[in-house]
Amino acid sequence: MKKNIIIVLALMVTAGCSSKSAVTPDEGTSSQPSLSSSSSRPELPASPSGYGFDQWQTGPLGDVFYDYDSATLSTEAQEQLTQNGGWLSSHAAKAALIEGHCDARGTSEYNLALGDRRAASAKEYLVRFGVSPSRIETVSFGEERPFAQGQSEEAWAKNRRAHFVVK
Amino acid sequence: MMQFFRGVVFSVFALLFCLLFPLHLVAAEGQEYIAIRKEGSGNIALVLDKLDAKGRKETKFAQSLDVTMHDGLDFTRLFSLISPPLNVKEHSDRNSVVINFPALTSVGAEVYVGGVVTMKSDTIILDMKVYEAAGSKLLMSKTYSGTEADLRSMAHAFCADLVQLLTGKRSVFGSKIVFISNKTGFKEIYECEFDGYGVRQLTNSKSISMNPVLSPDGRYLAYIDFSSGRPALSIRNLTGGRTAVVGKSAVSIDPGWRNSNEVAATLSFDGNQEIYLVNTDGTISRKVTNSKSINISPTFSPDGSKMAFVSSRNGLPQLFIQDLASGQVNRLTFSGRYNTQPSWSPVSDKIVYTTWEKGGEINIFTINADGSGLTQLTQNCGENKSPSWSPDGEMIVFTSNRQGKEKLYVMSAKGGDGRILLQVDGEQTQPSWSLFR
């Protein structure tokens, strides 16, 4: 194993990084960053025939999608959860695992927390809908298990999701 | 001291040297010499002479020791290593070596290091001597011995003694770095020595491992392990004991040691993402935070009395500091919209962290615990993440995608000078440097 380890203590990698002038950090702000505003969010139909139900979903329950850095349920997300809740109500013997996922931007620890909140918000909606909390487990994978590869808003939007696994 | 000042007055070279390298060697109690380095002063100008050796074996070992000592001292970024002048050892006969100190000061050297390698049966004996160049005083004379397998540790033992002698501080020699690599296709935990040597795989879970961090005494490794299907805090006893898993339900996130008995991590089993202190046996000691927002990434002041962490209680993630005794929380960062990954210096009140900038770069900053002294350490190099201090607080290891794939780099804690730590297959992330034992 040690053979393919080359310890490089050379200066070769120091060049090209800090040649430009200092970047002044942003002033404190609570506004949404420009690189991912909610207006750039693509259409994600929640109908059973649409995106989020057949291409990515692996069971009868459709996935729920979120805005950047958000665990808030959009109208579309609530519609999908209502459908999922209806299915769970009519299949009382089934349980569900909700996986919270994030896009790969930002830092992985924060994304693990954000995925946890996404899964929790979906569970909370279903519990209020009438599904017993004992039938719903949640977990977060943060940015560790992206469903779509690539560095585009289209890929990121597919990864900001709560994924349902029927148990 | 008188001798030193006389040198300044009477030697043009010494005068130049003092202007260029404002470092003064002064005698402290107990015959120890400590370099008092002024703020912003340069490195210690050092001549590391080729080791003397007679015989084929001795010469081979001496060459190996030369390289390891040179690379080790270079790694610390504390020294300007000057090539020895050709006439550095004049008038040497069979039994003694006379060092030409005027020749050393003429090339700007402050300190001269030389040594001899001999063998007694299979034992390699390394006699090292350290001199102050200006005063030609012997500062240290020490013998190291071992077998061929010990050459690296012998060289580093001397490097550690030299740094201790000249700075009064302990150094990185002997410390370790744990990190994540996906070279097997899975994110597993690895360790290597401070300079990237001796990479060793520590987990083989074929799942996802995250955020490894060694306890201050080096006995435990805390990390997040997905083997059970969910991210769980695992505390492995490295001295051969069991691994405690804080299962509970929900998730565990990003552990940080308060001391060798307590590790803090986020646990979300009660519905909120709160930071708890956990004992090494996996039992919960106490809950630290109390906020419905995200609370993650605990890191502690050297005395363990304060905790810096990330919270989204004001919206976007920012750093906060909580006093553990009073529970009082103050916001630390007001600059930048997405500040995460804090790491508190093991020797000072500085906290290093990352900011995700508007343009998509992630950069490393340091800030004092009182909010002053904000300093940017990286720029124009893509995403730079997961900074972790060296045990002496002089360097920072981090991950960067500046050359494409994510790799580990080490830079001075003052910024710049980022050098790649190791080149292995796959991507390496989330490095954490061990503390002194």
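The values are calculated or read from the model by the stated rules, or taken from the named source; none is laboratory data. Worth saying up front: this structure is predicted, and the values here are computed from it rather than measured. Ideal geometry is used to build each Cβ from the backbone, glycine not excepted, and the neighbour counts take in all protein chains shown.
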Candidate set: region B:403-423, residues that are more than 15 Å from the chain's Cα centre (by Cα) and surrounded by fewer than 20 Cβ atoms within 10 Å (Cβ to Cβ); chosen: the one modelled with the lowest pLDDT: B:GLY416
Looking only at residues that are in a loop (DSSP other than H, G, I, E, B) and of a type in the set (A, V, I, L, M) in region A:128-150, which one is nearest to the other protein chains (Cβ to nearest Cβ)? A:VAL131
Exception for B:ASP225 within (1) closer than 30 Å to B:GLY42 by Cα; (2) touching a strand residue (DSSP E or B) at 6+ places or on another chain (Cβ under 8 Å); (3) charged (D, E, K, R) falls at (1)
So which residues in region B:202-213 are out of contact with any strand residue (DSSP E or B) (no Cβ under 6 Å at 6 or more places or on another chain) and of a type outside the set (S, T, N, Q)? B:LYS206
Residue count, region B:298-323 (criterion: without any contact (Cβ under 8 Å) to a residue 40 or more places away in the chain and away from chain A (no Cβ under 14 Å)): 4
Scan region B:366-383 residue by residue and report those that are more than 17 Å from the chain's Cα centre (by Cα) and touching a residue at least 24 places away in the same chain (Cβ under 8 Å). B:ILE367, B:ALA369, B:GLY371, B:LEU374, B:THR375, B:GLN376, B:THR378, B:CYS381
Would you point out which residue out of B:GLY418, B:GLY360, B:GLY336 is within 9 Å of chain A (Cβ to nearest Cβ), out of contact with any Pro (no Cβ under 9 Å at 6 or more places or on another chain) and within 28 Å of B:SER311 (Cβ to Cβ)? B:GLY360
One residue is enough: does region A:90-102 have a residue meeting the conditions within 10 Å of chain B (Cβ to nearest Cβ), buried (at least 24 other Cβ atoms within 10 Å of the Cβ) and within 30 Å of B:GLY404 (Cα to Cα)? yes
Please state which one of B:ASP150, B:ASP195 is at negative phi, buried (at least 21 other Cβ atoms within 10 Å of the Cβ), charged (D, E, K, R) and not in a strand (DSSP E or B). B:ASP195
Picking from B:SER390, B:SER412, B:SER372, which residue would you name as being within 11 Å of chain A (Cβ to nearest Cβ) and among the small types (Gly, Ala, Ser)? B:SER412
Got at least one residue in region B:331-346 being in a strand (DSSP E or B), at pLDDT 95 or above and over 25 Å from B:PHE179 (Cβ atoms)? yes
Testing B:VAL26 on (1) assigned to a helix (DSSP H, G or I); (2) modelled with pLDDT under 50, one condition comes back false. Which one is that? (1)
Filter region B:364-396 down to the residues that are within 14 Å of B:ILE420 (Cβ to Cβ) and surrounded by fewer than 22 Cβ atoms within 10 Å (Cβ to Cβ) and list them by number. B:CYS381, B:GLY382
For region B:305-328, which positions are buried (at least 23 other Cβ atoms within 10 Å of the Cβ) and more than 13 Å from A:LEU114 (Cα to Cα)? B:MET307, B:ALA308, B:PHE309, B:GLN318, B:LEU319
